[in-house]
1. Quick check on the stretch 130-259: take the gyration tensor over C-alpha atoms, sort the square-rooted eigenvalues as a ≥ b ≥ c, and tell me if it's rounded (a/c under 1.5), prolate or oblate.
2. 5 Å is the cut-off here: which amide hydrogens, built 1.01 Å from N in the peptide plane, fall below it relative to D125, excluding neighbours closer than 5 in sequence?
3. Let me have the 222 nm mean residue ellipticity of the chain computed from DSSP H runs of 4+ only, each contributing -39500 (n - 2.57), with the sum over all residues rounded to the nearest 500.
4. Report the calculated FRET efficiency for I77 and S103 (r = Cβ-Cβ distance, R0 = 22 Å), to the nearest 0.05.
5. Please list, by residue number, every one of the GluC sites (Glu not before Pro) in the stretch 68-114 that is coil in DSSP and has at most 16 other beta-carbon atoms within 10 Å.
6. Could you tell me the calculated FRET efficiency between V91 and E135, based on Cβ-Cβ distance and R0 = 35 angstrom, to the nearest 0.05?
7. To the nearest 10 degrees, how steep is helix 187-201 against the longest Cα principal axis of the chain, on a 0 to 90 scale?
8. So how strong a dipole does the chain carry about its Cα centre when Lys and Arg Cβ are +1 and Asp and Glu Cβ are -1, to the nearest 20 debye?
Amino acid sequence: MPEGDTVWRTAHHLRAALAGRVLTRTDFRVPAFATVDLSGSRVDEVVSHGKHLLIRTPEHSIHSHLKMEGAWHVQRIGTDWRRPGHSARAVLENQEWQAIGYSLGILEVLARSDEAEAIGHLGPDLLGPDWDLDEAVRRVSADPDRPVFLALMDQRNLAGFGNEYVNELLFIMGLSPHRRVGDVPDVARVISRGQRMLDVNKSRIERSFTGSTRSGEDRWVYSRERARCRRCGTRLLNGQLGDRPTSERNVFWCPHCQP
């Protein structure tokens, strides 16, 4: 599942192939931007902010979000595509490299001056160079009655956590996902631990929370329905939690280790 670490790593690969080079071809396969042609433009930089990606030219920003199934593939010109062509939403080329955006949940071409319309609502970027722990704590703590799981998932509070990270982080910190933010003893410590988890995982494909990267051993609770806790042996619980009609998320927890 693409979360902040995956998006950071995607930006890293896109930056290596595109930044500082002139685009020789662009193909945006969404109706609103199908006629946009950025060939001849130089890519200034590629940056991530939470789960969002921005590929910047002097005048435009190509904004994308992977959602659940999206991916950017970077490959040499002339290399066979690794997904069906009908799933491609964007193709960017320079003289050496090709970047193909497949099944992107969001794809739009914005004026650089309009970037705030796409990402201005986001909280501090957990993997950004200007990461601001104090501001993240302030935002998360602003609603003390909200379940901590939902507060950490809210990208307006801090950008980069997804379902897997928040479930695993709360297990590691011994916190029930249903606990009120106001009842969390040290919100800053929780967020800092999660930021370190993202930072450790950002440079490797095999995401791990337990210290093991072996399949089936890399998670404590996430997506382990009806399994037993690796620490105490108690049967894990799972359910859904949401405070808005369309914001329900899957939660997994150990009732013994996360009181």
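The values are calculated or read from the model by the stated rules, or taken from the named source; none is laboratory data. Here the structure is a predicted model, which means the values were calculated and not measured. We place every Cβ from the backbone using ideal geometry, glycine too, and count neighbours over all the protein chains shown. For accessibility, only protein heavy atoms count, side chains too; no ligands or nucleic acids. Shrake-Rupley method; radii C 1.70, N 1.55, O 1.52, S 1.80 Å.
1. On the way: a/c = 1.69, a/b = 1.22, b/c = 1.39.
It comes out oblate by the Cα gyration axes.
2. When sequence neighbours closer than 5 places are left aside, the close amide H contacts are D132, A159.
3. Working: 6 runs with 60 residues, N = 259.
Mean residue ellipticity, 222 nm, calculated: -7000 deg cm²/dmol.
4. Values: r = 22 Å, r/R0 = 1.00.
Result of the calculation: an efficiency of 0.50.
5. Values: sites: E69, E93, E96, E108; in loops: E69, E96.
Qualifying residues, ordered by number: E69, E96.
6. Values: r = 37 Å, r/R0 = 1.06.
Once rounded, the FRET efficiency stands at 0.40.
7. Orientation of helix 187-201: about 50 degrees from the principal axis.
8. 1040
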